[in-house]
Protein chains: 2
Amino acid sequence: MPNMKDTIKTVAIDLFYKKSYFASGISDIARLAGIQKSSIYYHYSNKEDILFDILNTTMLDLNSSLNQRLEGLKTAEEKIQAAIESHILFHIERQKEVIIADSELRGLSIENYKTITKMRDDYEGKFQKILKKGIDDGSFIKTDYKIISYGILTMCTAVCLWFDQKGRLSKDEIARIYKGFLINGLKKSHRSNSRHQE
Amino acid sequence: MPNMKDTIKTVAIDLFYKKSYFASGISDIARLAGIQKSSIYYHYSNKEDILFDILNTTMLDLNSSLNQRLEGLKTAEEKIQAAIESHILFHIERQKEVIIADSELRGLSIENYKTITKMRDDYEGKFQKILKKGIDDGSFIKTDYKIISYGILTMCTAVCLWFDQKGRLSKDEIARIYKGFLINGLKKSHRSNSRHQE
DNA sequence: TAGTCTACCGAACGATCGTTAGATAATGGC
DNA sequence: GCCATTATCTAACGATCGTTCGGTAGACTA
């Protein structure tokens, strides 16, 4: 017997994912939750409040998921691999929510928008810190770590857009393939100086 | 003196980009175009028709942009570099439209949806063909070319989300950085067999 | 048993939605 | 000077939007 607020949130995630935030009505949510639309306002103060609740918990969970995964790791290579894995797995496991988080920020008021983007920027910052460290200590190729962090993050984020539960590859296989490809791209190639190799 | 249909399309691109398709009203478009909302229906049969027009021309242009850029190229490495560059530059030059194309497919009817996704799949197919060729002839590392094609495409697609006209890097620099990173990731690393190197 | 709180309901609010109908003014061909 | 076409207008349509209001059944508290 789950409480009604959770039910509302769950059906809202479903609707926002399928139809987008603005195309989903309060009455749609109410119908799927099995209550009258006015009852929604007992649990949430307005429509945007539902969206914010979804985005907020998603970002919180994403962040703590990363922190947990990074605990105890030392080298930049270990860390970036763990971060990539954490990011990919979260984006598969929480597919609907992260798709909403990526596409519905325009539904937020200015203050709420700032709250969410602040969390996103902090999260990105952790990836950038790892990359910078790896470049500085010579384990990664010299490159623009900010731009590359965007690249890595968006590449792994987009997994949520095409991942198919019944597809050919499991989430762990996808994480492994991407980790390998990205690490290969980050590490010094045969063409550059080979001080660290051989 | 541009014609009104183009004006409508231009302001619609602006609005859909800023506020999303469903949050933008016909009256918004009309106001910005300087006409009454009923006049919209002289040029477009309904709201979705405007969206489809935007997505359709965007996909057509994206495709012909790639075809042009690939002309005359032979090796997989040349081709994938050219394809990456074409993709990135297009996503910077047509920033607003590609963002709409990436997020507003849910606004289309089933038939229109099929038309657009067909074009997108054909486009993706060209990247996959190049990657497969490069893997088969030994110039790229053995990897899952479908998954990697998604990765490369989404990574380069997402440039449109963070690129800033007044930012630190020009579009050509970004294209160069990404090309370098991705090629490095695709080519055999120092750790694998080195038959092709030295 | 009276009062309070929780979780909902039904009905209505004004505003806006996408769309249509019919009128009109300007233009160009015959 | 007449007719058709083009491009726009005003006015209105029913439907739906997010939100608010007052009411109420049931559970818990004193």
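At-a-glance table
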quantity	calculated
Residue-normalised accessible area of segment B:1-129, expressed per residue, 1.4 Å probe, Å²	50 Å²
Virtual paramagnetic centre 7 Å along Cα→Cβ of residue A:70, amide N under 19 Å, in segment A:96-136	A:116-136
Cβ-Cβ FRET estimate between residue B:32 and residue B:117, R0 fixed at 35 Å, reported to 0.05	0.75
Set of aspartates and glutamates with alpha-carbon distance to residue B:179 below 14 Å, sequence-local pairs under 8 removed	A:144, B:77, B:78, B:85
Rg over Rh [alpha-carbon atoms, Kirkwood Rh] for chain A	1.06
Mean shadow area of segment B:1-44, taken as a quarter of the surface of its Cα convex hull (nm²)	2.8 nm²
Gyration tensor over alpha-carbon atoms, segment A:118-184, equivalent ellipsoid semi-axes in Å	25, 15, 8
GNM top mover of B:61, B:14, B:121 - chain B, alpha-carbon springs below 10 Å	B:121
Average partner coverage of A:155-168, which counts Cβ from other chains inside 10 Å	3
Length added when fully stretched, residue B:105-residue B:42, from 0.36 nm per residue minus Cα-Cα	20.3 nm
For the pair A and B, total buried accessible area rounded to nearest 100 Å², probe 1.4 Å	3300 Å²
Apportionment of accessible area to carbon and sulfur, the protein assembly as shown, percent (1.4 Å)	51 percent
Filter on A:133/A:188; A:133/A:187; B:18/B:47; A:74/A:129; A:79/A:166 - keep pairs with C-alpha separation over 19 Å	A:79/A:166
The protein assembly as shown: Rg to Rh, with Rh as the Kirkwood radius over Cα pairs	0.99
For segment A:1-39 and segment A:114-186, distance of Cα centres in Å	32 Å
Filtered trypsin sites (Lys or Arg not before Pro), segment B:1-107: DSSP coil and at most 16 other beta carbons within 10 Å	B:74
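The values are calculated or read from the model by the stated rules, or taken from the named source; none is laboratory data. All values reported here derive from a predicted model rather than from experimental measurement. No Cβ is skipped: glycine too gets one built from the backbone with ideal geometry, and neighbour counts run over all protein chains shown. We work out accessible area using only protein heavy atoms, side chains counted, and drop any ligands, DNA or RNA first. Shrake-Rupley method; radii C 1.70, N 1.55, O 1.52, S 1.80 Å.
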